[in-house]
Amino acid sequence: MEEKPKFKTVQEVVAANEGLPERYLQPLTGGHEEQPLNGPVPEMDIPSIDLSLLLSSSEEGRQELSDESWNYRSVSRRDLDKIYKLTKQFFALPTEEKQKYAGDIGKTLHEYTMKQHAVIEQFFKGMARSLDLEDNVFLEMHGDNARMDTRFNMYPPCPRPDMVIGAKPHGDGSAFTLLLPDKDVEGLQFLKDGKWYKAPIVPDTILINVGDLMEIMSNGIYKSPVHRVLTNREKERISVATFCVPSPDKEIQPVEGLVSDARPRLYKTVKKYVELYFDSYQQGLTLQENSGILTDIPTENEILGISRGISEDIPRKP
Ligand SMILES: O=C(O)CCC(=O)C(=O)O
Ligand SMILES: [Fe+2]
């Protein structure tokens, strides 16, 4: 069998000290030339949610809160610190050691994931309630075998933050993403109305990002924002992203209560969206080119909307 070419990890590239590989240099496209990668950007106003309030808004949530074991099940500052420390330790290891270390990581990660799970469930319900829908509509569509995939990101210091991007613009292929951005180093930016804004560092918080699948289920009412990550000349940056992914057998589509004559259905039914998503991401294709998830023949704006991760209002069909 033919062996796939093995690329060095970014960390290995840095360690080899062979200079910046040509393929990392980014041509700036997409009309954002007026906001260069390392230029100043305004700060994004991200609403913060007190999860205990969200929980106490439902009968079940109130019961959970009054339950003494809740403290052990909700994500605490200590849990977050543990994850940060683990991530730093992990990336400090040589490649072969990283593989051996996976067992330790597995246990801590499992605990963290289980705690996040409770948060996410309430979040799904809260979002349904906010749209006057029955609490479980999104959860049911998402399915019982939903997965939570965690990715550890590490962006080493980069000599050309003006030319090299940490993560290219994308919307997440999840229903939600729970993100633990670096505690000290900025870099995450969101696209809003065609302009980039930086996400501020807020200590002891998890950033909850709406993904493409929530956008589809809510028929475009909740948007999956496009975001990117910059590199930093002096400092390394880490982040931990947990993606909530539906059961692979589940069909995801706009929920019934959100489709009407006034708001026609905007998205096709998708299944195993994450696979489609990664295929397009790797090939540098837009999701629209790869899967055509909008209904009918999309207008130019709709294509733009979907390829950018759907952050702008999608115009309705006449
Ligand atoms: O590093 C970050 O802050 C964001 C990472 C991200 O967008 C992702 O992993 O999908
Ligand atoms: Fe992302």
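Of note:
- Of all residues in the stretch 121-166, those being farther than 22 Å from residue 75 by Cβ and basic (Lys, Arg) number 1.
- Candidate set: the stretch 223-250, residues that are among the hydroxyl-bearing types (Ser, Thr, Tyr) and surrounded by 21 or more Cβ atoms within 10 Å (Cβ to Cβ); chosen: the one nearest to residue 164 (Cα to Cα): 231
- Contacts under 6 angstrom Cβ, first residue in the stretch 12-40 being within 20 Å of residue 94 (Cα to Cα), partner assigned to a loop (DSSP other than H, G, I, E, B) and at pLDDT 75 or above, 6 or more apart: 14/156
- Filter result (crowded, with 18+ Cβ neighbours inside 10 Å and away from ligand 2 (no atom under 12 Å from the Cβ)) within the stretch 192-204: 196, 197
- Test: residue in the stretch 112-127 that is over 16 Å from the mean Cα position of the chain (by Cα), farther than 17 Å from residue 209 by Cα and not hydrophobic (A, V, I, L, M, F, W, C): yes
- Residue tally, condition touching a helix residue (DSSP H, G or I) at 6+ places or on another chain (Cβ under 6 Å) and at pLDDT 90 or above, over the stretch 252-286: 2
- Members of the stretch 219-272 found to be among the hydroxyl-bearing types (Ser, Thr, Tyr) and in contact (Cβ under 8 Å) with a residue 60 or more places away in the chain, listed by number: 222, 224, 231, 239, 242, 247
- Condition met for residue 198 (within 14 Å of ligand 1 (Cβ to nearest atom), of a type in the set (D, E, K, R), out of contact with any strand residue (DSSP E or B) (no Cβ under 7 Å at 6 or more places or on another chain) and at pLDDT 90 or above): no
- Restricted to the stretch 138-171, and to residues there that are assigned to a strand (DSSP E or B) and over 24 Å from residue 19 (Cα atoms), the residue that is farthest from ligand 2 (Cβ to nearest atom) is 147.
- Qualifying residue in the stretch 176-191 (condition: surrounded by fewer than 19 Cβ atoms within 10 Å (Cβ to Cβ), more than 10 Å from ligand 1 (Cβ to nearest atom) and in a strand (DSSP E or B)): no
- Residue check for residue 229: within 12 Å of ligand 2 (Cβ to nearest atom) and among the β-branched types (Val, Ile, Thr): yes
- Applying a threshold of 6 Å to beta carbon distances and a minimum spacing of six or more residues, or different chains, the list of pairs starting in the stretch 154-173 at a residue that is more than 13 Å from ligand 1 (Cβ to nearest atom) and ending at one that is of a type in the set (Phe, Trp, Tyr) reads 164/24.
- Test for residue 100: is it at pLDDT 85 or above and assigned to a helix (DSSP H, G or I): no
The values are calculated or read from the model by the stated rules, or taken from the named source; none is laboratory data. As the structure is a prediction and not an experimental result, all values here were calculated from the model. Methodologically, a virtual Cβ is constructed for each residue, glycine included, from the backbone with ideal geometry; neighbour enumeration extends over all protein chains shown.
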